[in-house]
Amino acid sequence: NGIETNTNFSEFDALKYKKQIIFYGPPGTSKTYKANELAKIFIRQSFIQEQDVEKVLSLDFEEEYKKRIFNLQLHPNYSYEDFIVGMKIDNNRTKWEKGYLLKLIDKIKDDTELPYVIILDEINRVDLSRLFGELFSAIENRNEEIELSAKDENGEFWKIKIPENLYFIGTMNQIDFSLERIDFALR
């Protein structure tokens, strides 16, 4: 019922209860593959627990995986503005525009029963404190809306609320791993 670690603690259970995990290790050791396989097992298991047997047997899980697993390859130029919210120029005016995560939350917000998984590949390649911003608080306090620095047309601050059914899997190369570079909130 999940992929077992050498400490006999299931990564499946860790993802289920903590809602976010990180795989780390040397380059080329299948961390991304393992993250995708765990996401598939997690989604399939959730369907089995939440749906009736006939419906589960008739499902095309490959299609469900495409709808529910999101892979994001991170790189040094990927920023808070790309991931959460940033200013964009539109018709000679600047306006706030949602980033990848806020667009994803909008896309999945009406489906609250079954899980969605976002795989953040190579999180060691970005400054996580800058990339995540308020996301640290939003992940920790999933039942609360966290205010962002962006304002809508009415001058109201945008808010972020992480859905209970959104799970995060990060991958990190051990060769680039330095605890001094990792924010205390992430540790």
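The values are calculated or read from the model by the stated rules, or taken from the named source; none is laboratory data. Just so we're clear, the structure is a prediction, and the values are computed from it rather than from any experiment. For neighbour counting, all protein chains shown are included, and Cβ atoms are generated from backbone atoms with ideal geometry for every residue, glycine included. The protein model used for the area step is the full one, side chains on, heavy atoms only, and it has no ligands, DNA or RNA in it. Shrake-Rupley method; radii C 1.70, N 1.55, O 1.52, S 1.80 Å.
Results for (1) open to solvent by 70 Å² or more (accessible area, probe 1.4 Å); (2) at pLDDT below 95, shown as yes or no for each residue.
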position	(1), (2)
VAL56	no, yes
GLU62	yes, yes
GLN73	yes, no
THR94	yes, yes
TYR116	no, no
LEU131	no, yes
ASN154	yes, yes
ILE162	no, no
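When the residues of segment 96-114 are narrowed to those that are acidic (Asp, Glu) and under 19 Å from LYS67 (Cβ atoms), which ends up least open to solvent (accessible area, probe 1.4 Å)?
Filtering segment 96-114 down to residues acidic (Asp, Glu) leaves 97, 106, 110-111, 113.
The next check asks that each one be under 19 Å from LYS67 (Cβ atoms); those that pass are 106, 110-111, 113.
Working: ASP106: 59, ASP110: 142, ASP111: 43, GLU113: 130 Å².
Here the answer is ASP111.
Total residues in segment 141-152 satisfying the condition of being touching a residue at least 40 places away in the same chain (Cβ under 8 Å) and farther than 16 Å from PHE83 by Cβ: the figure is 3.
Candidates are the residues of segment 4-28 that are in a loop (DSSP other than H, G, I, E, B) and loosely packed, with under 14 Cβ neighbours inside 10 Å; the one that is modelled with the lowest pLDDT is THR5.
Checked against (1) under 21 Å from ILE22 (Cβ atoms); (2) open to solvent by 50 Å² or more (accessible area, probe 1.4 Å), GLU145 passes all but a single condition, namely (1).
Figure legend. Inter-residue proximity from segment 109-124: first residues part of a helix (DSSP H, G or I), second residues of a type in the set (S, T, N, Q) and open to solvent by less than 10 Å² (accessible area, probe 1.4 Å), beta-carbon distance below 9 Å, spacing 6+ or different chains. Indicated pairs: ILE123/THR171; ASN124/THR171.
In this structure, is LYS66 under 14 Å from the mean Cα position of the chain (by Cα), among the charged types (D, E, K, R), modelled with pLDDT of 95 or more and assigned to a helix (DSSP H, G or I)? Spell out how you get there, then give the answer.
Details: under 14 Å from the mean Cα position of the chain (by Cα): no; among the charged types (D, E, K, R): yes; modelled with pLDDT of 95 or more: yes; assigned to a helix (DSSP H, G or I): yes.
No: the conditions fail for LYS66.
Annotation: ASP106 fulfils all but one of (1) within 19 Å of ASN77 (Cβ to Cβ); (2) among the charged types (D, E, K, R); (3) in contact with a strand residue (DSSP E or B) (Cβ under 8 Å, 6 or more places away or on another chain); (4) in a helix (DSSP H, G or I); the unmet one is (1). With respect to (1) in a strand (DSSP E or B); (2) surrounded by 15 or more Cβ atoms within 10 Å (Cβ to Cβ), the lone exception for MET87 is condition (2).
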